[in-house]
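K.L.:
Please read through the structure below; I'll follow up with questions.
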Amino acid sequence: MAKVTGPLMSLDASGTVAKTATFSKWKGRNYVRVRVIPMNPQSDAQQTLRSTLGTIARACSAVLTASKDTLSVGSQFFLDAVTNALAGQSWISTLQKRLNASFASLVTAYGVLTTVKSDYETASASAGMESYTDKMGVVHTGGEQLYMLASYAVNYLSYTGFATDIDTASAIELSTFVTYIKTTV
(Lines give C-alpha, C1' and ligand atoms only; values in the text may rest on other atoms or scores of the structure.)
Protein backbone atom coordinates (compact mmCIF):
# COMPACT_ATOMS: atom_id res chain seq x y z
CA MET A 1 0.00 0.00 0.00
CA ALA A 2 1.33 3.41 -0.93
CA LYS A 3 1.84 6.05 1.78
CA VAL A 4 0.97 9.59 0.81
CA THR A 5 1.74 12.96 2.36
CA GLY A 6 -0.67 15.74 1.47
CA PRO A 7 -3.06 13.43 -0.43
CA LEU A 8 -5.22 16.19 -1.81
CA MET A 9 -2.26 17.90 -3.45
CA SER A 10 -0.20 14.70 -4.00
CA LEU A 11 3.01 16.23 -2.70
CA ASP A 12 4.69 12.97 -1.73
CA ALA A 13 4.06 9.25 -2.20
CA SER A 14 6.05 6.06 -1.62
CA GLY A 15 5.28 2.40 -2.13
CA THR A 16 3.43 0.31 -4.68
CA VAL A 17 -0.14 0.77 -5.85
CA ALA A 18 -2.18 -2.13 -7.28
CA LYS A 19 1.00 -4.17 -7.96
CA THR A 20 1.65 -2.02 -11.02
CA ALA A 21 3.15 1.37 -10.11
CA THR A 22 5.87 2.08 -7.55
CA PHE A 23 6.31 5.58 -6.14
CA SER A 24 9.66 6.56 -4.64
CA LYS A 25 12.29 9.28 -4.31
CA TRP A 26 15.64 9.64 -6.02
CA LYS A 27 17.98 12.43 -4.94
CA GLY A 28 15.07 14.12 -3.19
CA ARG A 29 12.81 14.09 -6.24
CA ASN A 30 9.62 12.06 -6.50
CA TYR A 31 9.22 9.60 -9.35
CA VAL A 32 7.01 6.71 -10.40
CA ARG A 33 8.01 3.56 -12.26
CA VAL A 34 6.49 0.28 -13.36
CA ARG A 35 6.76 -2.33 -10.63
CA VAL A 36 9.30 -4.99 -11.59
CA ILE A 37 9.74 -8.37 -9.94
CA PRO A 38 13.39 -9.44 -10.31
CA MET A 39 13.92 -12.64 -12.24
CA ASN A 40 15.64 -15.54 -10.51
CA PRO A 41 15.40 -18.46 -12.93
CA GLN A 42 17.62 -20.81 -10.85
CA SER A 43 18.99 -22.31 -14.06
CA ASP A 44 21.86 -24.80 -14.02
CA ALA A 45 24.23 -22.16 -15.39
CA GLN A 46 23.20 -19.69 -12.67
CA GLN A 47 23.58 -22.31 -9.92
CA THR A 48 27.00 -23.31 -11.26
CA LEU A 49 28.16 -19.69 -11.22
CA ARG A 50 26.82 -19.18 -7.69
CA SER A 51 28.62 -22.34 -6.58
CA THR A 52 31.87 -21.20 -8.15
CA LEU A 53 31.77 -17.71 -6.67
CA GLY A 54 30.70 -19.06 -3.28
CA THR A 55 33.57 -21.54 -3.15
CA ILE A 56 36.11 -18.89 -4.10
CA ALA A 57 34.68 -16.48 -1.52
CA ARG A 58 34.87 -19.24 1.11
CA ALA A 59 38.55 -19.77 0.28
CA CYS A 60 39.14 -16.02 0.64
CA SER A 61 37.68 -16.03 4.14
CA ALA A 62 40.94 -17.62 5.33
CA VAL A 63 42.95 -14.57 4.26
CA LEU A 64 43.88 -12.17 7.05
CA THR A 65 42.45 -8.83 5.96
CA ALA A 66 43.07 -5.42 7.50
CA SER A 67 39.63 -5.49 9.12
CA LYS A 68 40.35 -8.83 10.84
CA ASP A 69 43.90 -7.89 11.84
CA THR A 70 44.47 -6.38 15.30
CA LEU A 71 47.10 -4.13 13.72
CA SER A 72 44.74 -3.17 10.86
CA VAL A 73 47.33 -4.18 8.26
CA GLY A 74 46.49 -7.64 6.95
CA SER A 75 48.64 -10.41 5.53
CA GLN A 76 51.07 -10.01 2.65
CA PHE A 77 48.65 -11.94 0.42
CA PHE A 78 45.93 -9.39 1.26
CA LEU A 79 48.22 -6.42 0.60
CA ASP A 80 49.37 -7.90 -2.73
CA ALA A 81 45.79 -8.71 -3.72
CA VAL A 82 44.62 -5.17 -2.92
CA THR A 83 47.51 -3.71 -4.91
CA ASN A 84 46.70 -5.93 -7.91
CA ALA A 85 42.92 -5.42 -7.81
CA LEU A 86 41.29 -4.23 -11.00
CA ALA A 87 40.44 -0.52 -11.12
CA GLY A 88 37.34 0.27 -9.11
CA GLN A 89 36.97 -3.26 -7.75
CA SER A 90 37.69 -4.98 -4.46
CA TRP A 91 40.46 -7.53 -4.15
CA ILE A 92 37.98 -10.35 -3.63
CA SER A 93 35.85 -9.50 -6.69
CA THR A 94 39.03 -9.34 -8.77
CA LEU A 95 40.10 -12.73 -7.42
CA GLN A 96 36.66 -14.18 -8.21
CA LYS A 97 36.70 -12.81 -11.76
CA ARG A 98 40.17 -14.14 -12.46
CA LEU A 99 39.61 -17.59 -10.93
CA ASN A 100 36.11 -18.04 -12.36
CA ALA A 101 37.37 -19.04 -15.81
CA SER A 102 39.85 -21.58 -14.46
CA PHE A 103 37.74 -22.87 -11.56
CA ALA A 104 36.75 -26.19 -13.15
CA SER A 105 40.29 -26.91 -14.31
CA LEU A 106 41.67 -26.11 -10.84
CA VAL A 107 39.15 -28.48 -9.22
CA THR A 108 40.14 -31.19 -11.72
CA ALA A 109 43.87 -30.54 -11.25
CA TYR A 110 43.54 -30.77 -7.48
CA GLY A 111 41.52 -33.97 -7.84
CA VAL A 112 44.35 -35.75 -9.66
CA LEU A 113 47.09 -34.71 -7.22
CA THR A 114 48.55 -37.70 -5.45
CA THR A 115 51.25 -37.27 -2.83
CA VAL A 116 50.88 -33.55 -2.10
CA LYS A 117 47.11 -33.63 -1.61
CA SER A 118 47.51 -34.67 2.03
CA ASP A 119 50.00 -31.81 2.53
CA TYR A 120 47.43 -29.35 1.17
CA GLU A 121 44.77 -30.74 3.52
CA THR A 122 47.12 -30.49 6.52
CA ALA A 123 48.18 -26.94 5.63
CA SER A 124 44.57 -25.86 5.07
CA ALA A 125 43.60 -27.22 8.49
CA SER A 126 46.38 -25.16 10.08
CA ALA A 127 44.94 -22.12 8.26
CA GLY A 128 41.50 -22.84 9.72
CA MET A 129 40.00 -23.75 6.35
CA GLU A 130 37.16 -26.28 6.34
CA SER A 131 35.30 -28.19 3.67
CA TYR A 132 32.54 -26.26 1.91
CA THR A 133 29.46 -27.69 0.22
CA ASP A 134 28.42 -25.47 -2.67
CA LYS A 135 24.93 -24.76 -4.10
CA MET A 136 25.18 -27.81 -6.35
CA GLY A 137 25.96 -30.12 -3.42
CA VAL A 138 29.63 -30.55 -4.36
CA VAL A 139 32.08 -30.65 -1.45
CA HIS A 140 35.23 -28.55 -1.82
CA THR A 141 37.83 -29.48 0.78
CA GLY A 142 40.01 -26.98 2.60
CA GLY A 143 43.00 -28.30 0.65
CA GLU A 144 41.26 -27.61 -2.64
CA GLN A 145 40.47 -24.06 -1.53
CA LEU A 146 44.11 -23.54 -0.48
CA TYR A 147 45.18 -24.88 -3.89
CA MET A 148 43.01 -22.19 -5.56
CA LEU A 149 44.57 -19.44 -3.44
CA ALA A 150 48.04 -20.79 -4.29
CA SER A 151 47.20 -20.73 -7.99
CA TYR A 152 46.02 -17.13 -7.74
CA ALA A 153 49.10 -16.09 -5.76
CA VAL A 154 51.48 -17.63 -8.30
CA ASN A 155 49.66 -16.44 -11.42
CA TYR A 156 48.55 -12.95 -10.38
CA LEU A 157 50.49 -11.88 -7.28
CA SER A 158 53.96 -13.03 -8.41
CA TYR A 159 54.32 -15.26 -5.35
CA THR A 160 57.62 -17.16 -5.58
CA GLY A 161 57.46 -19.41 -2.52
CA PHE A 162 57.12 -22.66 -4.48
CA ALA A 163 60.36 -24.15 -5.82
CA THR A 164 58.75 -25.61 -8.95
CA ASP A 165 54.96 -25.29 -9.03
CA ILE A 166 51.90 -25.72 -6.82
CA ASP A 167 51.35 -29.32 -8.01
CA THR A 168 54.60 -30.45 -6.40
CA ALA A 169 54.63 -28.20 -3.33
CA SER A 170 56.29 -29.56 -0.22
CA ALA A 171 54.82 -29.40 3.27
CA ILE A 172 57.33 -26.67 4.17
CA GLU A 173 56.38 -24.59 1.11
CA LEU A 174 52.70 -24.93 1.99
CA SER A 175 53.38 -23.94 5.59
CA THR A 176 55.17 -20.84 4.29
CA PHE A 177 52.24 -20.12 1.99
CA VAL A 178 49.82 -20.34 4.93
CA THR A 179 51.99 -17.79 6.73
CA TYR A 180 51.75 -15.59 3.60
CA ILE A 181 47.93 -15.62 3.75
CA LYS A 182 47.44 -15.62 7.54
CA THR A 183 50.19 -13.54 9.18
CA THR A 184 50.52 -9.78 9.53
CA VAL A 185 53.50 -8.31 7.71
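K.L.:
It is to be established whether one or more residues within the range 65-85 are hydrophobic (A, V, I, L, M, F, W, C), in contact (Cβ under 8 Å) with a residue 12 or more places away in the chain, closer than 21 Å to Tyr132 by Cα and out of contact with any strand residue (DSSP E or B) (no Cβ under 8 Å at 6 or more places or on another chain).
P.N.:
Just the residues of the range 65-85 that are hydrophobic (A, V, I, L, M, F, W, C), to begin with: 66, 71, 73, 77-79, 81-82, 85.
Subset that is in contact (Cβ under 8 Å) with a residue 12 or more places away in the chain: 66, 71, 73, 77-79, 81.
Filter once more, so that each one left must be closer than 21 Å to Tyr132 by Cα: none.
The answer is no, given that none of the residues of the range 65-85 is hydrophobic (A, V, I, L, M, F, W, C), in contact (Cβ under 8 Å) with a residue 12 or more places away in the chain, closer than 21 Å to Tyr132 by Cα and out of contact with any strand residue (DSSP E or B) (no Cβ under 8 Å at 6 or more places or on another chain).
K.L.:
Of the residues Leu53, Leu79, Leu95, which is closer than 28 Å to Leu146 by Cβ and either touching a Cys at 6+ places or on another chain (Cβ under 9 Å) or not assigned by TED's automatic domain parsing to the domain that holds Met129 (or both)?
P.N.:
Step by step, each of Leu53, Leu79, Leu95 is checked, and only Leu95 is closer than 28 Å to Leu146 by Cβ and either touching a Cys at 6+ places or on another chain (Cβ under 9 Å) or not assigned by TED's automatic domain parsing to the domain that holds Met129 (or both).
K.L.:
Another one. Please work out which one of (1) under 22 Å from Gly161 (Cα atoms); (2) surrounded by 15 or more Cβ atoms within 10 Å (Cβ to Cβ) is the condition Thr52 fails and give its number.
P.N.:
Condition not satisfied by Thr52: (1).
K.L.:
Could you please tell me which pairs satisfy a Cβ distance under 7 Å, a separation of 6+ or placement on different chains, a first residue in the range 160-176 that is assigned by TED's automatic domain parsing to the domain that holds Ala125 and more than 14 Å from Glu121 (Cα to Cα), and a second residue that is assigned to a helix (DSSP H, G or I) and of a type outside the set (Val, Ile, Thr)?
P.N.:
Close Cβ pairs (under 7 Å, with a partner that is assigned to a helix (DSSP H, G or I) and of a type outside the set (Val, Ile, Thr)) amount to Gly161/Glu173; Gly161/Phe177; Gly161/Tyr180; Phe162/Glu173; Ala163/Glu173.
K.L.:
Among the residues of the range 125-138 satisfying the criterion of being touching a residue at least 40 places away in the same chain (Cβ under 8 Å) and hydroxyl-bearing (Ser, Thr, Tyr), which is nearest to Phe177 (Cα to Cα)?
P.N.:
Of all residues in the range 125-138, those touching a residue at least 40 places away in the same chain (Cβ under 8 Å) come to 126-129, 132, 134-136, 138.
Pick out the ones that are also hydroxyl-bearing (Ser, Thr, Tyr) and you get 126, 132.
Details: Ser126: 11, Tyr132: 21 Å.
Among them, the one singled out is Ser126.
K.L.:
I'm trying to understand the selection: among the residues of the range 76-92, which are surrounded by fewer than 16 Cβ atoms within 10 Å (Cβ to Cβ) and in a helix (DSSP H, G or I)?
P.N.:
Val82, Thr83
K.L.:
Return the pair list, or none, for Cβ contacts closer than 6 Å from residues in the range 17-30 that are of a type in the set (A, V, I, L, M) to residues that are surrounded by 10 or more Cβ atoms within 10 Å (Cβ to Cβ), at least 6 apart or on different chains.
P.N.:
Val17/Ala2; Ala21/Val32
The values are calculated or read from the model by the stated rules, or taken from the named source; none is laboratory data. Predicted, not measured: the structure shown is a model, and the values here were computed from it. For neighbour counting, all protein chains shown are included, and Cβ atoms are generated from backbone atoms with ideal geometry for every residue, glycine included.
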